[in-house]
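Notes for the one structure printed next.
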Amino acid sequence: MISTALVAVDVKHPTAKKEYSYLIPEGLTSSLNVGDLVRVPFRNTKVFGVVIELAELKQSPKDYKLKEIINKEAVSLPSCLMKLAKALADFYGTAVIDFLKLMLPPKVNMKKELLYCACSTDEAISDRAFIQKQVYEFLIENGADTAQNLSKKLDIPLASVRSALTSLDKKGIVKKEYRAVRRMPMAFSSEKYHNRISLTDEQHDAVETISDIFSRSKKTTLIYGVTGSGKTEVYIRVIQRVLSQGESVLVLVPEISLTPQMLSIFRQRFPGKTAVIHSRLSPGERFDEWQRIHSGSATVVIGARSAIFAPVQNLGLIIIDEEHEASYKNGEHPYYDARLVARFRSKLENAMLIMGSATPSVESFYRAAKGDYSLVKLTRRVSGRVLPKMEIIDMISELKSGNRHIFSRKLLSSIKATLDANKQVILFLNRRGHSTFVICRDCGFVLKCKYCDISLTYHFNDKNAKCHYCGYTVKAPDFCPVCRGQNIRYFGAGTEKVEQEVKKFFPACKTLRIDSDSTSKKGSLEKMLLSFKRGAAQILIGTQTVAKGLDFPNVTLVGIVSADTALNMPDFRCGERTFQLITQVAGRAGRGDTPGRVYVQTYAPEAYAIKAACSMDISAFYKEELKMRHKALYPPFCHMLIIRFKGHNEDEVKKEAEDVKKVLSERYNNEVKMYGPVPAARSKIKENYRYNILLKSKQVRVLSEICNHMQKTCINRHVDIAWDLEPLDLL
């Protein structure tokens with residue numbers, strides 16, 4: 001019998017990204033298992049791969065010669081993750097290695113430090129070797145230590161300590177040993193969070209209901225809790241009960257910015273048991289946390305989207321906080337949704353899934369209404385705090401009355417009153433930069449990206465115009481490159497312009513601006529949020545990051561500078577996103593002892609999403625939204641698949657899209673509705689023309705089958721083809 005292993009290899013070319021059989025060398029026959037990371041020969045190079053199956057052959061194949069595995073790495077994926085990777089690869093129509101790679105740790109080694117420890121010996125150390133004697137006696141009394149620590153504790157130069165240790169080592173009086181060192185990811189703050197928190201009646205009922213569901217059926221549960229209602233404390237109490245039964249917990253948050261804040265709370269409530277996984281960790285930090293999780297020493301795992309693939313042992317509970325957030329969807333290949341992956345994983349491992357939000361996604365709300373999910377409600381804020389008062393401000397009326405500023409008069413006066421009361425303000429605008437486009441008022445020329453069919457955004461700080469899709473940057477022109485006129489104007493507003501206007505009206509006020517331009521440096525976002533919480537600034541200006549789960553007790557006023565940013569996007573989810581953003585950012589106000597106030601500036605005051613958010617009527621919004629989606633056949637009343645084509649030659653891209661549609665129409669016409677191909681809303685990005693085909697079906701199985709068909713047949717050297725099952729973005 002010949003021992004072989006089926007290995008999913010990590011190669012780039014899509015046609016070669018498959019599973020291949022390899023001979024298992026004699027030295028690995030007894031130790032190789034499914035899930036092991038191995039190194040194998042592939043064509044003229046050596047690549048990594050994961051063993052997905054073991055088999056015994058009676059004889060070697062006659063038509064080709066099997067190659068042999070080179071070696072086995074010290075990493076192995078648990079069987080539950082192997083099953084998950086295969087299920088996801090089949091569902092999304094992609095190679096299994098694409099998901100296995102998301103489950104593996106970075107290719108770095110465990111960090112080690114060199115220790116010296118004293119050996120028992122009868123050999124005397126000469127009195128003239130004063131430093132050797134001093135070092136040896138210290139090690140005898142205090143135990144093993146590093147050369148650096150010995151230098152500090154004995155107040156001896158490091159070079160002298162190392163010289164003494166080398167001599168003692170040669171004599172056999174001390175010996176070397178290595179100790180693994182954990183690279184500790186930075187926590188959000190050193191603030192102390194209370195362990196003895198009294199639950200409200202609603203929180204207590206929620207904990208008891210969820211615990212009962214956990215013990216009986218582990219049915220997926222949606223927690224609908226208004227902002228400030230104490231969902232985190234409910235999570236913690238449920239986690240305590242799950243841990244007491246010997247099971248582990250995985251907690252997902254939508255943004256990396258929220259991970260350190262949550263991590264600080266959980267480290268204090270579950271000391272020594274908590275690990276963190278997210279993309280901003282260094283490879284070394286990520287490796288160490290992966291090892292702690294894999295070994296079972298960490299039983300509470302917190303992280304952003306990618307943490308859903310953490311090797312959690314004996315998983316009993318998955319929690320997805322702010323489950324409505326689009327950031328749970330991976331925006332590049334493989335296009336997975338962490339919420340859907342969580343549903344897969346909870347079923348495979350018999351774990352309970354809890355999803356929480358103040359503004360649940362339409363799909364989750366619908367499933368809860370149908371009874372597919374259990375529903376738990378938290379309708380009141382903790383400590384009797386009231387929800388903020390919200391008011392719509394019609395900016396068309398402001399214009400008619402002569403106010404052409406980006407701030408309404410009522411918002412300006414409220415900012416002044418809030419600052420005079422020594423309270424803090426958040427100003428929200430979901431658009432970075434200073435001005436959204438640059439135009440010549442003489443000839444109508446708009447400054448656009450040379451690589452994308454998109455207008456450039458003006459940034460005031462460096463006087464540059466930038467493309468937010470490909471990064472192309474030019475100096476903002478002083479005169480029009482077409483007509484040579486000097487009537488250049490800047491229109492639209494971004495966070496930089498808001499900051500500029502605030503400084504004009506309130507020159508003595510300290511401000512902080514949070515967007516992707518100001519927080520690109522690692523750790524900068526966490527520092528800015530902490531400094532604002534500690535009162536280093538009176539006004540925080542930001543994009544959607546400031547809307548997500550942050551707790552600033554001194555904020556009593558929130559101004560939504562423009563509620564229309566998402567409302568006018570050509571996407572069926574624009575109403576939902578507008579409702580969620582307004583509700584979430586409004587929830588930052590009045591979380592302390594002083595009631596909050598929210599002003600929502602808009603040019604569409606009659607839009608149902610804006611009216612429902614400001615009246616806090618969640619039922620009215622979902623009723624209207626579901627009626628619209630049912631009529632137009634959008635989720636949750638169907639499943640969707642979008643196929644994207646891009647390439648440098650528009651004619652080739654269009655033809656490839658038409659050819660693919662023809663093949664799919666002949667094969668699946670009776671089972672799906674097909675739209676397109678049409679140019680994407682953003683029709684050209686990074687010199688690539690983009691076309692889309694949208695497919696709808698009431699059976700997700702059919703769309704999944706199409707994904708697998710695409711994987712096997714649709715390879716074009718000149719046109720890049722990608723498919724996204726259950727997309728959140730149709731642009």
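Bear in mind these aren't lab numbers, they're just calculated from the coordinates by the rules spelled out. Model, not experiment: these values are computed from the prediction. We place every Cβ from the backbone using ideal geometry, glycine too, and count neighbours over all the protein chains shown.
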| field | Virtual spin-label span in nm between residue 15 and residue 297, 7 Å along Cα→Cβ | value | 4.8 nm
| remark: Rounded to 0.05, the calculated FRET efficiency for the beta carbons of residue 369 and residue 530 at R₀ = 45 Å is 0.70
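Determine the percent antiparallel among the DSSP beta bridges restricted to the chain, to the nearest 5. Can you show the working numbers first?
Numbers: 66 of 117 bridges.
Rounded to the nearest five, the antiparallel share is 55 percent.
What is the calculated FRET efficiency for residue 86 to residue 699, with r their C-beta to C-beta distance and R₀ = 22 Å, to the nearest 0.05?
Working: r = 21 Å, r/R0 = 0.97.
My answer for the efficiency is 0.55.
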| request: Just check region 201-384 against the gyration tensor rule for me: Cα atoms, a ≥ b ≥ c as the square roots of the eigenvalues, rounded for a/c under 1.5, and otherwise prolate or oblate depending on whether a/b exceeds b/c. | output: rounded
| query | Which of the cysteines in the chain are isolated, no other cysteine C-beta under 4.7 Å? | reply | 80, 117, 119, 470, 509, 574, 614, 638, 707, 714
| Point-to-point label distance, residue 729-residue 403, nm (Cα→Cβ direction, 7 Å offset) | 3.4 nm
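Residue 73 to residue 129: extension gain in nm, 0.36 nm per residue of separation minus the Cα-Cα distance?
Numbers: separation 56, 0.36 × 56 = 20.16 nm, distance 4.54 nm.
Value of the extension gain: 15.6 nm.
Arrange the peptides 362-371, 96-105, 125-134 so that the one whose residues have, on average, the most other Cβ atoms within 10 Å appears first. Numbers along the way, then the final one.
Numbers: 362-371: 17.8, 96-105: 20.4, 125-134: 14.0.
Packing order, densest peptide first, comes out as 96-105, 362-371, 125-134.
Highest first, please rank the peptides 388-397, 243-252 by the mean number of other Cβ atoms sitting within 10 Å of their residues. Please list the in-between numbers first.
Values: 388-397: 17.2, 243-252: 19.6.
Top to bottom by mean Cβ count within 10 Å: 243-252, 388-397.
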| said: Could you tell me the extents of region 2-78's C-alpha atoms along the three principal axes, largest first, rounded to whole Å? | reply: 33, 32, 18
| message | Compute and list, largest first, the equivalent-ellipsoid semi-axes of the chain from the alpha carbon gyration tensor, each √(5λ) rounded to a whole angstrom. | response | 46, 38, 29
| message | I'd like to compare 400-408, 226-234: which one has the highest average count of other Cβ atoms within 10 Å, and what's the full order after that? | response | 226-234, 400-408
| query | Label residue 478 and residue 463 with points 7 Å out from Cα along Cα→Cβ: what is the distance between them in nm? | reply | 0.8 nm
| query | Computed over the Cα atoms, what is the radius of gyration of region 518-653 divided by 2.2 N^0.38 Å, N being its residue count? | reply | 1.33
| note | Residue-normalised 222 nm signal for the chain, counting each DSSP H run of n ≥ 4 as -39,500 (n - 2.57), nearest 500 deg cm²/dmol, is -10000 deg cm²/dmol
| Gained length - residue 687 relative to residue 205, 0.36 nm times residue gap less alpha-carbon distance | 167.9 nm
| request: Express in whole angstrom the spacing between the alpha-carbon centres of region 228-296 and region 338-374. | output: 19 Å
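How much length is gained on full extension from residue 141 to residue 509, taking 0.36 nm per residue of separation minus their Cα-Cα distance? Walk me through the numbers on the way to the answer.
Details: separation 368, 0.36 × 368 = 132.48 nm, distance 5.73 nm.
Answer, rounded to one decimal: 126.7 nm.
Would you please classify the overall shape of region 397-539 from the alpha carbon gyration tensor, given that a ≥ b ≥ c denote the square roots of the eigenvalues, rounded means a/c under 1.5, and beyond that prolate means a/b larger than b/c while oblate covers the rest?
On the way: a/c = 2.87, a/b = 1.46, b/c = 1.97.
Taking the square roots of the gyration eigenvalues as a ≥ b ≥ c, region 397-539 is oblate.
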| field | Residues residue 394 and residue 330, FRET efficiency given R0 of 35 Å [Cβ-Cβ distance, rounded to 0.05] | value | 0.35
